[in-house]
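Visitor: Before anything else, here's the structure in question.
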Amino acid sequence: MIHATAPRQAAIRRSGFTLIEVVLVMSLLVIIASITLPFLGNSFSRAHLNAADDILRDALTRGRMTALQSGEIQAFRCEPKGARFQLVALDKLSLPESSQPPPDTTDGEHSAQDILRLSRPRLPDDVIFASADIASSNQVAALYGSMGNSGWSDPIVFNPDGTTSDASIVLQNNQGQTIRVTLRGVTGLVTSSAVSNEAPQ
């Protein structure tokens with residue numbers, strides 16, 4: 001009877017983990033994490049780039065639709081090497097800073113003049129407008145002259161007849177991956193390239 005209870009007591013005492021076993025499991029977890037984290041970071045950066053593509057395409061489509069529906073010329077411009085953009089009526093595009101109403105308190109980026117309320121006034125984290133090649137507009141030149149020193153790109157103009165400026169905008173994430181968004185002036189068609197490592201011009 002004594003011999004029957006002894007193995008049972010030994011089994012009860014042996015049910016925990018030793019320090020060596022815990023250290024081995026922790027070492028394995030660290031090795032697995034070090035292998036998978038770079039892939040996860042790359043996936044998140046790529047997801048942010050795809051989200052920025054969706055936001056930009058949505059803004060360009062809304063600008064054209066607003067011009068068609070309202071009969072007013074709309075303009076889109078972005079911040080080169082930055083993440084902000086604006087979508088406003090063309091006649092409100094270049095007001096001096098002092099005459100603009102205070103920013104909307106909901107997001108701090110839009111002003112009360114903005115016709116369209118986009119869900120995000122800027123691109124997602126870690127994505128910028130790497131370059132913006134926009135055809136010059138006679139309407140903008142006649143109204144405002146050169147806008148080269150404003151800190152914004154030349155505006156994309158959306159006319160009430162459905163035509164727009166020809167434009168090609170490159171979005172870039174912090175991994176150097178890019179998506180090129182192209183806007184066709186005659187049709188207003190917006191297309192995106194696949195994710196690549198294109199060097200912005």
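A short reminder: the numbers here are calculations on the coordinates, not readings from a lab. All figures in this text were calculated on a predicted structure; none of them were measured in a lab. Neighbour counts run over all protein chains shown; Cβ positions are idealised from the backbone, glycine included.
Visitor: What FRET efficiency, computed as 1/(1 + (r/R0)^6) with R0 = 25 Å and r the Cβ-Cβ distance, is obtained for Ser196 and Asp166, rounded to the nearest 0.05? The partial results should precede the final answer.
Guide: Values: r = 21 Å, r/R0 = 0.84.
So, using R0 = 25 Å, E works out to roughly 0.75.
Visitor: Count the net charge of all other residues whose Cβ sits under 15 Å from the Cβ of Glu198, scoring Lys and Arg as +1 and Asp and Glu as -1. If you can, show how the numbers build up before the last one.
Guide: Numbers: positive: Arg46, Arg180; negative: Asp53, Asp133.
Around Glu198, the charge tally is 0.
Visitor: Give, in nm to one decimal, the length gained when the segment between Phe17 and Val30 is fully stretched (0.36 nm per residue of separation minus the Cα-Cα distance). Provide the component values of the computation, followed by the final result.
Guide: Details: separation 13, 0.36 × 13 = 4.68 nm, distance 1.88 nm.
In short, 2.8 nm is gained.
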